[in-house]
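The values are calculated or read from the model by the stated rules, or taken from the named source; none is laboratory data. Note that the structure is predicted; figures quoted are calculated from it, not measured. Please note: Cβ atoms are built from the backbone with ideal geometry, for glycine as well, and neighbour counts cover all protein chains shown. The accessibility values were calculated without ligands, DNA or RNA, using every heavy atom of the protein model including side chains. Shrake-Rupley method; radii C 1.70, N 1.55, O 1.52, S 1.80 Å.
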Amino acid sequence: MCIDLESSEDDIQEIQQEIAVLSTCASPFVTQYKASFVRGHKLWIVMEYLGGGSCLDLLKPGPFNETHIAVICRELLLGLDYLHREGKIHRDIKAANVLLSSTGKVKLADFGVAAQLTNIKSQRNTFVGTPFWMAPEVIQQAGYDFKADIWSLGITAMEMINGEPPNASTHPMKVLFLIPKAPAPRLEGSNYSRELKDFVAACLVKDPDRRPSARELLRHKFIRGAGKVEALQELVERRQEWTGGKGGRTSHPRLYEETMNTMSVKEERDEWIFDTIKAPTLAPASKRTQKRRKLSLMEHSTPEEALQQLDINGSPHQQKAPIDPTLQKNSERRRSSAKVASPARRPSGQKQPLVPDMSFGNSGSTVRQFRRVSDNSPNISPESSMAGQDENRPPLAETVTKESLLGRRVYSSIVENTFQEVHSQTSTHAKREALSRVADAWSALDTIDPEGEYQLLKLIIEKVYSDPKLSSLLPSTNQNTPQKPKLVLATNNPHLRSHRRRQSLQVPEEDIWTDNHQMNLPGRLVPGMEHTKLLADVLYSRWAEGLKTRWPVV
Amino acid sequence: MSFLFGRNKQKSSAELSKLVKESILRLDSAGSQKAEEDLARLLAQIKHILQGTAETESSPEQVYQLITSLIQEDLLLLLAVAIPKLPFETRKDAQVIFSYVFRYKPPNSPMATEPLALNHVINSRPEVIVALCKGYEHRESAMSCGTVLREVLKHDAVAAIILYDEPKSGSLTNVANGANAGKGIAAIQYETPQTGQGIFWRFFDWVEAGGFEISTDAFSTFRDILTKHKPLVSSYLSKNFTLFFGRYNSLVLSNNYVTKRQSIKLLGEILLDRANYQVMTAYVDSADHLKICMNLLRDERKMVAYEGFHVFKVFVANPNKSMAVQQILIKNRNKLLKFLPEFLGDRTDDEQFSDEKAFLIRQIETMPSSPIPPHAPQPATSGGPVSAGTVT
């Protein structure tokens, strides 16, 4: 899970408090927080990996039966009982936030909105959660306590038996009015057992004081009759078969940070003049390169960075530190499932649990303070990357010539990215390995001989251009490779262009080169339609948030 | 162990404290496993006595006895030192106990008095505070200690103890020896410049190193130390100006994004605080500080640039700019006038920001073409802090 700190106006302190809540949880019914670390301006939060996927995912093939629901509810109540005893409220219980391990263990996830009550008796007054699952007292902002989670659990039970929460077809904003006013939802009819109906009714008591606690509900008949968690493996298997049968299930468009990041389009600029240090031309050469080098490092913080960050494996600066096996497995698997947008190449039955799913149910979350960027990034070991190590790495060989500067730039702004990009699209392990080796070798070249690096690339490009067959072939090959909506290297991306402009002014000699290359870059893709949908979602939640602040309390 | 259960309720507070003490001392020895288990049980018991449980209320008399015995046995220090070694759940219990004990006032005591145990710590056992700070040295204890620290930092004496702590040659032996009169808050020498070796200066390392959770937790404590008690901090910063900002600049220039962004923000807050007027004027006189700050404006990360802006504006708004500062601004006038209008241009909904930016542009436009010697610095006459709003 990754939070882009740059895009969050919120105080870092708030995020810190969330992590504080996370890190004080240790229960078999709650996804375990492992570590967090910062790379550049991205905060990565490493959580326990659960291979079964979320209940929302498992619902895709169809609703659950009551036997399964009873087990899930019991495990959830155990988790809630733990949290509530710890003085914590989850505040966003729903199928999407219930994760299953491949062995059927059930765990609560996503503490994005969890709150810590310092005093057991105190109440909260903030407005968080997802409309359909929200308890009436939360919506009314009348102050609420851990009983709010019990309501959401009841709704989740209904979601699991019906495939969707009550009022699912209603507009989320309207639901906010509806829940406090309408009578509590009920399960009715002969399709459901008496126990389940009664359990749901017990959870969905509008008066929080009369709503039972998690501990009390554990004694409910529906719960006492629940079987073993292993039974839930059926759900996981069912889901795998379903995906396998469907074959080409299109994946959700990935949420990339730069799809929404609005960078200010600044004009080209040059260095400040500080009297006390010598004018740039007189500055000692080494100092100058260092500065340049620093500039190229800073590119990590541009929109391009998101992709760079997504796969650091190809990066030559990767710290080869011992990796926690669970972590490794986690990222390996997740990578294979998350990376390839093309349906044909998508391995079946693998889900990414902690990634925001922009499909129905998750998108309605009215309060999402930070943008979570999908975690495609493998093999980051927290030990090695504490405190942004890649920025701390010692300055590389100091060079002076124009060519070497250009070489450095070629490497840091193009070659590195390209490797990472291609790497992230390669699915076979062997192929990836080979690619990493080339990337490493290239990085070595960059360290030792940036000038040669520049010459090499220049020659390659020149030769490609001079070969009529190749130069005409190039673009079409690119289109054949499976692509996700890739903005990063799209040359028509205004951010990138302004960024280039800035850069090119600093080293004007390279203009020709850049232009050449611009024509040639892969991924000249205009974002597709999925992408618009995404934006619409984001705009909607922005709008909803705005409404919320202006809104008179219901 | 069944005999313990029978006597649990009756076990006197003094006995309980002794048992805890023994277990803590056994933590490092061979039977540490057993000691951990005992401690877990004992601390949970203490927590229940203090807080009561869902079913039973705590008895005021028992609470009073327990807290006095904790003080007598010097358990607070032992416990503070031992926090990193405690098991996960026990650590949380210890945190609850500290929070409770440091808030506890005997019944019927006047409102204004300091909590009993805290008063003891402040006046004769400042090592407890220092030990809690040292919790940041361990991943395990950082958050628990941080929480307790931020609670006690509501008292200015605690901030003073942290700020003015200096390593003492005999401090190690003191830990084991009981009380030692003449230390604590009364012993602080406010006039002596700091050596930079005390516990406060360790925070400069803690806020930058370690994982996100530790460094940010340390930073919120650091922020509390520097912002909660203004007169204290203001005089401290004035006395130790060079040392402090020397260290602080390294945070602003940090490679760690989080440290960098948070420290720039805090710097802005410190400088714009009326209480820190003297510190601010000294700060904005320095051309080096201006340079750091102007480079921040150029940072590609817009939040860094944005926080940098709030420091930069203080330099420009200052009516008595030093010669060096004027020189830099004049030299860069054209660049600034070109740069600023487009600076963070997408912050259209931030009116205050746009206003301040417009103000700065005007200030820079109207600067004379060559530096003019500033008036004799008379901070007292110019009134409040120099901020974009007050100077026009």
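Quick look at the values:
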quantity: GluC sites (Glu not before Pro) restricted to the range A:132-215 and DSSP loop, no more than 12 other C-beta within 10 Å; calculated: A:Glu188
quantity: Between the range B:255-290 and the range B:221-236, the Cα center-to-center distance that results, in Å; calculated: 13 Å
quantity: Neighbourhood net charge (10 Å Cβ-Cβ; Lys/Arg +1, Asp/Glu -1) for B:Cys133; calculated: 0
quantity: Per-selection Rg to Rh, the range B:229-392 - Cα, Kirkwood hydrodynamic radius; calculated: 0.94
quantity: Alpha-carbon radius of gyration plus Dmax, which is the widest Cα pair, for the range B:16-107 in Å; calculated: 12.7, 42
quantity: Assigned charges on the beta-carbon of Lys, Arg, Asp, Glu; the range B:229-392 dipole about Cα centre (debye); calculated: 420 debye
quantity: Kirkwood-based Rg to Rh ratio, chain B, C-alpha trace; calculated: 1.08
quantity: Residues whose placed amide H lies under 5 Å from that of A:Arg39, excluding near-sequence neighbours; calculated: A:Trp44
quantity: Contact surface A-B: accessible area buried, both sides summed, square angstrom, 1.4 angstrom probe; calculated: 4400 Å²
quantity: Chain B: most fluctuating residue of B:Tyr236, B:Tyr306, B:Tyr190 per GNM, C-alpha cutoff 10 Å; calculated: B:Tyr190
quantity: Full-extension gain in nm, B:Arg103 to B:Thr56, via 0.36 nm per residue minus C-alpha separation; calculated: 14.9 nm
quantity: Helix B:88-103 axis, angle to chain B major axis (alpha carbon atoms, nearest 10°); calculated: 80 degrees
quantity: GNM result for chain B, Cα springs below 10 Å: residue of B:Cys145, B:Cys133, B:Cys293 fluctuating most strongly; calculated: B:Cys293
quantity: Residues whose placed amide H lies under 5 Å from that of A:Gly52, excluding near-sequence neighbours; calculated: A:Leu100, A:Ser101, A:Ser102
quantity: Rg ratio (alpha-carbon, reference 2.2 N^0.38 Å) - the range A:53-247; calculated: 0.98
quantity: Residues of the range B:297-331 with amide N under 19 Å of a point placed 7 Å along Cα→Cβ from B:Ser369; calculated: B:326-331
quantity: Longest exposed-site-free window of chain B, the sites being GluC sites (Glu not before Pro) in a DSSP loop that have at most 13 other C-beta atoms within 10 Å; calculated: B:192-392
quantity: Segment B:Gln189-B:Arg139, length gained on full extension (0.36 nm per residue, minus Cα span); calculated: 14.7 nm
quantity: Calculated diffusion of the range B:1-228, Stokes-Einstein form, Kirkwood radius summed over Cα pairs, 10 °C and 1.306 mPa s, µm²/s; calculated: 87 µm²/s
quantity: Chain B, relative contact order [Cα under 8 Å, separation at least 6], %; calculated: 10 percent
quantity: Table column - 3J(HN,Hα) (Hz), the range B:278-283, Karplus curve with 6.51, -1.76, 1.60, x for Gly and Pro; calculated: 4, 4, 4, 4, 5, 5
